[in-house]
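*Asks:* My questions will all concern the structure given below.
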Amino acid sequence: MKKCKHIRALAVITCFVCGLFSSVIVLAQGGVTVSISAPTQVALGTDFMAMVNIGNLMNFNAANYDVRFNPAVLQVGNVTSGLVSGTIVPVDMWSVITPGILRVIQNVPGLSGVSGSGYLSQIRFHVIGSGGNTSQINLANGVLSDNSANQILANWVGDTVNVYAQTSTPTPTPTPTPTATPSPTSTPTPIPIVTPTSTPAVTSPGGGGAGGSGGQMPSMTPGPTPTLPAMPTVTASAEVTPTPAGVPIPTVTPTPVRVYLSFSTSTPLDLSGVIDKDGVTQCQLAITCADAGAEMEICQGATALTVNGESLRAMSVRGVAVAPAPPADSYIIGLAYDFEPTGATFNPPMTLILQYDPALCPEGTTQEDLGIAYYDAQSGKWVQLVSSVDTTSYTVTAQVGHLNLVAILVKASQAPNVSNVNESLVGGITAGVIVIGVGAYYLVRRKRSTRSS
């Protein structure tokens, strides 16, 4: 009985220690927190970035998680790579698997893993709801693993954004200030002043008495005639017409409407609602094909026509595992993708952005040498397009004027010469056949001579 009691006590203690140890492990790994960081207020019709932050990682190697949001309020535009302690965490795949659920898969290149804090990815959202709408952005079904394929326990924390409607403030029209019309000023007419002429004294002749003959009447010398000043002419000022003194009323250019569309390689994209019967795009188009890792930017007013000159009403993309062989000094990175209907044109050209996996770049090549090329079926050759490479987001961008089979190509400094290898192989086989034939001939002759003798 005592032995049984000791065994039971030992079992209880063992269970307690194991539970305590498990709790310590959970608490230790529970220090890893993955959280969404997004603006609290977002304006209707704008884009914003949501960061998937992470901290306290040890030997992190891979992650996959779902991001849940309100599809009536937000729309996913793109998902780009993260950065943890100076190490880029590329996005291997992202896809809106169902409205309101975005799935992201990431893997750190190499086997060493990464430790520290930073962010796993950046998600670009476009606000499509109405003012006053709210959307939670939550993380679900998250799994983190280290470089030994062990799960890293973590706390997953979401965020919330509130939508407000932008109120455009009109530019005030300046009110012209009229110039006052001056009233005519009349100059008073001066009253002429008459200067009186003095009366001359009358001089009587001498000697003459009463009754005598009267003397001669004296002559009167007239005084100067007064001169009246001229009457002034009153000139009325001309009427002044008021001239607007403000800045001319500015012409308001409306911002083009940007529409986000997404589809997959298994479902064609309907374009009838954004391209009219003449093939003219009615808005800016941002098109994403998630499972092909492709984005297309088409400007408003562009003409999109099929090979027959009809309006482009739909398009599709399919992966091509076995593509036409590239030039001898080049490699195809990943899959080629066939954009259909083949030959459909865009004027001006659309912007095509393709994602790539840097781990697929062979030795002797650099990411900066990557470029997009299309396959010309008539000439049977790949045609390289002028491309730009973003080694941070692992994307290659080029202007494409028509739909066709496209791929990312890279030139190698020393690519294998397939024709030389084949020639060497054929030569070796031929030499071997000759040697075997000669040997068999001499062996047969020797046997015959032996029998004769």
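*Asks:* Among the residues of the range 312-331 satisfying the criterion of being more than 23 Å from the chain's Cα centre (by Cα) and small (G, A, S), which is surrounded by the most Cβ atoms within 10 Å (Cβ to Cβ)? Show your work before the answer.
*Replies:* Restricting attention to the range 312-331, the residues satisfying the condition of being more than 23 Å from the chain's Cα centre (by Cα) are 312-314, 318-331.
Restricting the remaining residues to those that are small (G, A, S) gives 314, 319, 321, 323, 325, 328, 330.
On the way: A314: 15, G319: 13, A321: 6, A323: 17, A325: 11, A328: 12, S330: 20.
Top of the filtered list is S330.
*Asks:* Out of all the residues in the range 285-292, is one or more open to solvent by 40 Å² or more (accessible area, probe 1.4 Å), among the polar types (S, T, N, Q) and within 24 Å of the chain's Cα centre (by Cα)?
*Replies:* no
*Asks:* Looking at G158 and the list (1) of a type in the set (G, A, S); (2) more than 24 Å from N70 (Cβ to Cβ); (3) modelled with pLDDT of 90 or more, which single condition is not satisfied?
*Replies:* (2)
*Asks:* Same structure again: Show the residue pairs that are 6+ apart or on different chains and have beta-carbon atoms under 7 Å apart, the first residue being within the range 135-159 and open to solvent by 30 Å² or more (accessible area, probe 1.4 Å), the second being of a type in the set (D, E, K, R).
*Replies:* From the range 135-159, the pairs are N138/R68; N141/D66.
*Asks:* Now a separate question. Hey, among G279, G309, G301, G334, which residue is open to solvent by less than 10 Å² (accessible area, probe 1.4 Å) and farther than 18 Å from S262 by Cβ?
*Replies:* G279
*Asks:* Are there strands (runs of 3 or more DSSP E) fully within the range 29-98 with at least 2 residues that are among the hydroxyl-bearing types (S, T, Y)? List them.
*Replies:* The strands (runs of 3 or more DSSP E) meeting that bar are 33-37, 74-84, 91-98.
*Asks:* Follow-up question, since we're still on this one. When the residues of the range 55-70 are filtered to those that are buried (at least 21 other Cβ atoms within 10 Å of the Cβ) and out of contact with any Leu (no Cβ under 7 Å at 6 or more places or on another chain), which remaining residue is nearest to T391 (Cα to Cα)?
*Replies:* Looking at residues that are buried (at least 21 other Cβ atoms within 10 Å of the Cβ) and out of contact with any Leu (no Cβ under 7 Å at 6 or more places or on another chain), I get N61.
*Asks:* Shifting gears a bit: Within the range 350-381, take every residue that is in a strand (DSSP E or B) and more than 21 Å from D92 (Cβ to Cβ) and give me the one that is most open to solvent (accessible area, probe 1.4 Å).
*Replies:* So the residue we want is K381.
For every residue, the table says whether it meets (1) touching a residue at least 12 places away in the same chain (Cβ under 8 Å); (2) at negative phi; (3) in contact with a strand residue (DSSP E or B) (Cβ under 6 Å, 6 or more places away or on another chain); (4) open to solvent by 30 Å² or more (accessible area, probe 1.4 Å).
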site: A72; (1), (2), (3), (4): yes, yes, no, yes
site: G77; (1), (2), (3), (4): yes, yes, yes, no
site: V96; (1), (2), (3), (4): yes, yes, yes, yes
site: Q106; (1), (2), (3), (4): yes, yes, yes, no
site: S115; (1), (2), (3), (4): yes, yes, yes, yes
site: Q122; (1), (2), (3), (4): yes, yes, yes, yes
site: F125; (1), (2), (3), (4): yes, yes, yes, no
site: G131; (1), (2), (3), (4): yes, yes, yes, yes
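*Asks:* Could you grab me the full set of residues in the range 339-360 that are closer than 13 Å to V400 by Cβ and either in contact with a Ser or Thr (Cβ under 9 Å, 6 or more places away or on another chain) or small (G, A, S) (or both)?
*Replies:* F339, G343, A344, T345, F346, N347, P348, T351, L352, I353, L354
*Asks:* Is there a residue in the range 394-401 that is under 20 Å from G293 (Cβ atoms), open to solvent by 60 Å² or more (accessible area, probe 1.4 Å) and either in contact with a helix residue (DSSP H, G or I) (Cβ under 9 Å, 6 or more places away or on another chain) or without any contact (Cβ under 8 Å) to a residue 40 or more places away in the chain (or both)?
*Replies:* Within the range 394-401, none of the residues are under 20 Å from G293 (Cβ atoms), open to solvent by 60 Å² or more (accessible area, probe 1.4 Å) and either in contact with a helix residue (DSSP H, G or I) (Cβ under 9 Å, 6 or more places away or on another chain) or without any contact (Cβ under 8 Å) to a residue 40 or more places away in the chain (or both).
*Asks:* Moving on to the next point. Taking only pairs six or more apart or across chains, which ones have beta-carbon atoms under 8 Å, a first residue in the range 275-301 that is over 23 Å from R318 (Cα atoms) and of a type in the set (V, I, T), and a second residue that is open to solvent by 10 Å² or more (accessible area, probe 1.4 Å) and part of a loop (DSSP other than H, G, I, E, B)?
*Replies:* Correct list of pairs: V280/G301; T281/V274; T281/C299; T281/Q300; T281/G301.
*Asks:* Within the range 235-261, restricting attention to residues that are closer than 21 Å to V73 by Cα and open to solvent by 80 Å² or more (accessible area, probe 1.4 Å), which residue is modelled with the highest pLDDT?
*Replies:* V257
*Asks:* Next question. So which residues in the range 82-94 are touching a strand residue (DSSP E or B) at 6+ places or on another chain (Cβ under 6 Å) and either buried (at least 19 other Cβ atoms within 10 Å of the Cβ) or among the small types (G, A, S) (or both)?
*Replies:* Those that are touching a strand residue (DSSP E or B) at 6+ places or on another chain (Cβ under 6 Å) and either buried (at least 19 other Cβ atoms within 10 Å of the Cβ) or among the small types (G, A, S) (or both): G82, V84, S85, V89, P90, V91, W94.
*Asks:* Answer yes or no as to whether V52 is more than 28 Å from S266 (Cβ to Cβ) and surrounded by 18 or more Cβ atoms within 10 Å (Cβ to Cβ).
*Replies:* No.
*Asks:* Only residues in the range 325-348 that are within 11 Å of Y374 (Cα to Cα) count as the first member; pair them with residues that are loosely packed, with under 13 Cβ neighbours inside 10 Å, Cβ under 9 angstrom, at least 6 apart or cross-chain, and list the lot.
*Replies:* Every condition considered, the pairs that remain are A336/A321; A336/V322.
The values are calculated or read from the model by the stated rules, or taken from the named source; none is laboratory data. Note that the coordinates shown come from a computational prediction; the quantities given were computed from them, not determined experimentally. Don't worry about glycine lacking a Cβ; one is built from the backbone with ideal geometry, like all the others, and counts go over all protein chains shown. To get the accessible areas, we keep the full protein, side chains included, count just its heavy atoms, and leave off ligands, DNA and RNA. Shrake-Rupley method; radii C 1.70, N 1.55, O 1.52, S 1.80 Å.
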